[in-house]
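A short worksheet on the structure shown next.
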């Protein structure tokens, strides 16, 4: 549960990402989820010389993905290559998450075990129900990617089933605080606005989002390029 607000300014001269410092984590013994907020939490990350990301949702879910991604990318890798690596690792992690949340509670070890046993042990209607759940269950959280391409910055969102889409609007609003923040950004954002104007808009939207459940009052600001 969180809020991520990102936008381009100067028609791609740079970008600003505003986020809270709230994280949803799991208790190591009970797996119960709880929220925690502190100054050390940072939901933005520089992956290499030209790519930054911000992610909302489960720290466990995204942490495993980003650990794998960082093992594979190099400082000079182009954004297209970085996006492809993230997409690949997201799909792997999403499948592991589906297996743990959908199949394991039903008595199956993983997707391979389910495919081998389902037709023998379950009626067709139940198989159809589970298959639909596997297809339609979305990932936990969202990821925004800011990339420098041809001397301009561009914004991408990772959407199920694990594919990046360029956000032509020039902004992104995601997380549990999106409900209260979105209208302000949609109404006032312009891609050609100045850096200071964008910063003020995103901070105003962040303040509005704090009324939503799971959004922290602490704020982090990332300026791209970094200053």
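The values are calculated or read from the model by the stated rules, or taken from the named source; none is laboratory data. All values reported here derive from a predicted model rather than from experimental measurement. Because the Cβ atoms are built from the backbone with ideal geometry, glycine has one as well, and the counts that use them run over all protein chains shown.
Take the residues of segment 38-52 that are out of contact with any helix residue (DSSP H, G or I) (no Cβ under 8 Å at 6 or more places or on another chain) and surrounded by 15 or more Cβ atoms within 10 Å (Cβ to Cβ): which is farthest from residue 21 (Cα to Cα)?
Filtering segment 38-52 for residues that are out of contact with any helix residue (DSSP H, G or I) (no Cβ under 8 Å at 6 or more places or on another chain) and surrounded by 15 or more Cβ atoms within 10 Å (Cβ to Cβ), the one farthest from residue 21 (Cα to Cα) comes out as 52.
Could you list all residues from segment 173-214 that are in a loop (DSSP other than H, G, I, E, B) and either exposed (fewer than 15 other Cβ atoms within 10 Å of the Cβ) or at pLDDT 95 or above (or both)?
If the condition is that a residue be in a loop (DSSP other than H, G, I, E, B) and either exposed (fewer than 15 other Cβ atoms within 10 Å of the Cβ) or at pLDDT 95 or above (or both), then 189, 190, 191, 192, 193, 194, 211, 213 are the ones that fit.
Would you mind listing the strands (runs of 3 or more DSSP E) fully within segment 29-100 where at least 1 residues are more than 25 Å from residue 14 (Cα to Cα)?
Numbers: elements: 33-37, 44-48, 51-56.
Where strands (runs of 3 or more DSSP E) fall fully within segment 29-100 and carry at least 1 residues being more than 25 Å from residue 14 (Cα to Cα), they are 33-37.
Would segment 118-140 turn up any residue that is touching a residue at least 60 places away in the same chain (Cβ under 8 Å) and either assigned to a helix (DSSP H, G or I) or surrounded by 14 or more Cβ atoms within 10 Å (Cβ to Cβ) (or both)?
Looking through segment 118-140, at least one residue is touching a residue at least 60 places away in the same chain (Cβ under 8 Å) and either assigned to a helix (DSSP H, G or I) or surrounded by 14 or more Cβ atoms within 10 Å (Cβ to Cβ) (or both).
Taking segment 145-166 only, how many residues are crowded, with 19+ Cβ neighbours inside 10 Å and at pLDDT below 95?
The qualifying residues number 2.
Among the numbered conditions (1) in contact with a strand residue (DSSP E or B) (Cβ under 6 Å, 6 or more places away or on another chain); (2) surrounded by 14 or more Cβ atoms within 10 Å (Cβ to Cβ), tell me where residue 91 comes up short.
Here residue 91 meets the rest and fails (1).
Checking residue 72 against (1) without any contact (Cβ under 8 Å) to a residue 12 or more places away in the chain; (2) surrounded by fewer than 16 Cβ atoms within 10 Å (Cβ to Cβ); (3) in contact with a helix residue (DSSP H, G or I) (Cβ under 6 Å, 6 or more places away or on another chain), only one condition comes out false. Which one?
Residue 72 satisfies all of (1) without any contact (Cβ under 8 Å) to a residue 12 or more places away in the chain; (2) surrounded by fewer than 16 Cβ atoms within 10 Å (Cβ to Cβ); (3) in contact with a helix residue (DSSP H, G or I) (Cβ under 6 Å, 6 or more places away or on another chain) except (1).
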